[in-house]
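To keep things clear, I will list the structure first and then write my remarks on it.
The numbers here are math on the coordinates, done by the rules we state, and not lab data. Given the structure is predicted, the values throughout are model-derived calculations rather than measurements. So basically every Cβ, Gly included, is an ideal-geometry build from the backbone, and we count neighbours across all protein chains shown.
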Amino acid sequence: STNAAGGSFFVSVFAEIGNAILSLVAYFLSLMGIILNISIILTMNIKAIYEATPAIEQIWVVIRNLASIFIIFGLLYTSIMTILDIGKPNLKGLIGKIILAGLFINFSLFFTKIAIDASNLVSLQFYRAIAPQAKVVSITKDGFGAFMSGAVSEPGISDIFMHSLKIPTIYNNKGAITTNGAATAFNVLTATVAGSILMIFAGLSFLAAAIAFIVRLVILLLLMGFSPIYFVGIIFPAIEKDLSGKWMKWLTQELIFMPVYLLFMYVALKFISSGNGNNF
């Protein structure tokens, strides 16, 4: 009887320690989930961030003016070639490229915005499919305070992910570890270790995704400012190779990244939910 009482006390203390560890890890996971929600809503509000950051348009104006200088040099070059009657077969094509470049440079920011909006629109559809109850807060309409409040309180992707993995079932209603039967030290240890590993890896994946979304937001803002560079490459092959090609590569990567990430997240959660007999 004494041994049984001692063993029960030992298991109870062990369970309290395990519960404290799981609580600490759960706070970490919740924090990472909030950061992920904030990063997603931020990148969905890139238009508002652009409008609140005059430096982006100022950079675009400077780059556009520099690009216009290249247009002038291009026209000067074709004029000299025409006067000297050199390279006539290629002049018509070059003049056409200069005219196109001059036109597109002035609309480069507009075209880039359209591409980003299209990417975010597709991403938004996947986001709503994953978390239909979540509200994508608008910084412009709702204000920054509502944005932060919504990012913390709204049931975003992280909440759906945790629910699908049944992370909350590590605890019962009283906050103790669920041992599904006799509360043995082995059960407590298994629940503590497995639950901690699951939540730590989930939290780290949330953090990695949040960093990637924030980096995407910054890169897209910079690409908007430097968008005239791409169209200068129409005239000058060297610029197209060294700058324009890289600009388009970065833009394509960032435009594809978010929709593809959310698509894979949607498919993964579908598989997890199907395995649990649930739908989200």
Query raised in the report: Label F264 and I80 with points 7 Å out from Cα along Cα→Cβ: what is the distance between them in nm?
Result: 5.1
Query raised in the report: Each label point is 7 Å from the Cα along the Cα-to-Cβ direction; what then is the distance between the points at T190 and K97, in nm?
Result: 6.9
**Report entry** Residues listed by number, region 48-70, amide nitrogen under 11 Å from L243 label point at 7 Å toward C-beta
**Finding:** 63-70
Report summary line: Simple SL model, points at 7 angstrom along Cα→Cβ for L222 and V61; separation in nm is 2.3
Query raised in the report: What is the list of residues in region 230-258 whose amide nitrogen lies under 18 Å from a point 7 angstrom out from the Cα of A118, following Cα to Cβ?
Result: 230-231, 247-258
Query raised in the report: What order do you get for 39-46, 71-78, 198-205 when each peptide is scored by the mean count of other beta carbon atoms within 10 Å, highest first?
Result: 39-46, 198-205, 71-78
**Report entry** Relative packing of peptides 262-272, 121-131, 48-58 - highest average C-beta neighbours within 10 Å first
**Finding:** 121-131, 262-272, 48-58
Requested in this report: At 0.36 nm per residue, minus the direct Cα-Cα distance, what do N106 and V215 gain on full extension? Give it in nm, one decimal, please.
Outcome: 36.6 nm
